1. Compare the peptides 154-166, 51-63, 132-144 by average per-residue count of other Cβ atoms within 10 angstrom and give them in order, highest first.
2. Going Cα to Cα from residue 106, which aspartates and glutamates come in below 17 Å? Please leave out same-chain ones fewer than 8 positions away.
3. What aspartates and glutamates does residue 68 reach when the alpha-carbon gap must be under 13 Å and sequence neighbours fewer than 8 apart in one chain are set aside?
4. Could you name the aspartates and glutamates in cross-link range of residue 165, using Cα to Cα under 13 Å and dropping any fewer than eight places away on the same chain?
Amino acid sequence: MKKCLFICLVWLSLGGHAAEPPFWPCTPDGAEPFGRVTERDQDMLVSLASANGLDLIPTLEKVYAGDKEALAKMFQLSSQLKSLDTHTRAYGALVNSIFLNLGESKGPDFIISVVVSQEPAVRQRIRDFLIYPVFCVPKEQRAEAERSAREQFPLLWPPDFVFGKDDPLFSKTPNNPIKLSARPVTHLAVASCAPVRPAAYRVRWAAKGMSGA
């Protein structure tokens, strides 16, 4: 990407500490804002997709090959999520991974163009998922982290974007007190702004061409 990825902006504003948002705990290194995703969590997401007529693994293979129609189908699956449960957490981790990895290989405009082409409800929901890592930042620093993200990707998060607006899934904005982790991020990780690839997806699906590497 032309600039550091969004996750890097989060870590720079965070000052090298991890935090825990109220919906799901960020991992200490910040690589997984939706928490650890297990193989069982992934299987549950695959099953949800299948129940809604989407063969997830082949679709993701097409996504990483640069198929915009497949990416749109991936985004439209978000409309089947009804609560902040395991399906939603696993889906959020997957969308976050796609944004980082595919944004690195194809450029952010590739993804953003598909996001903005969706119907309003899906567009809002994907924007909500992609802005969610801001809540890994201590509450007093979130405004600056969000401002930086919006500035970097103005088409993804335009001036009128409001987290959770008309989205029953995220109707309650995360705003609980956050405790800082004592475990820092390495200076190299912050300075390099290397794309973050959630370990669970990298290990499970890399062989199927879904890591984006």
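None of the figures in this text is laboratory data; all of them are computed from the coordinates on show. Note that the structure is a prediction, hence the values are computed from the model and not measured. A quick note on method: Cβ atoms are made from the backbone with ideal geometry, for glycine too, and the neighbour counts reach across all protein chains shown.
1. Numbers: 154-166: 13.5, 51-63: 16.0, 132-144: 19.6.
Per-residue mean Cβ counts within 10 Å order the peptides as 132-144, 51-63, 154-166.
2. Cross-link targets: 61, 67, 69.
3. Of all the aspartates and glutamates, those that pass the test against residue 68 - Cα under 13 Å, at least 8 places apart if same chain - are 109.
4. Those aspartates and glutamates meeting the cut-off are 128.
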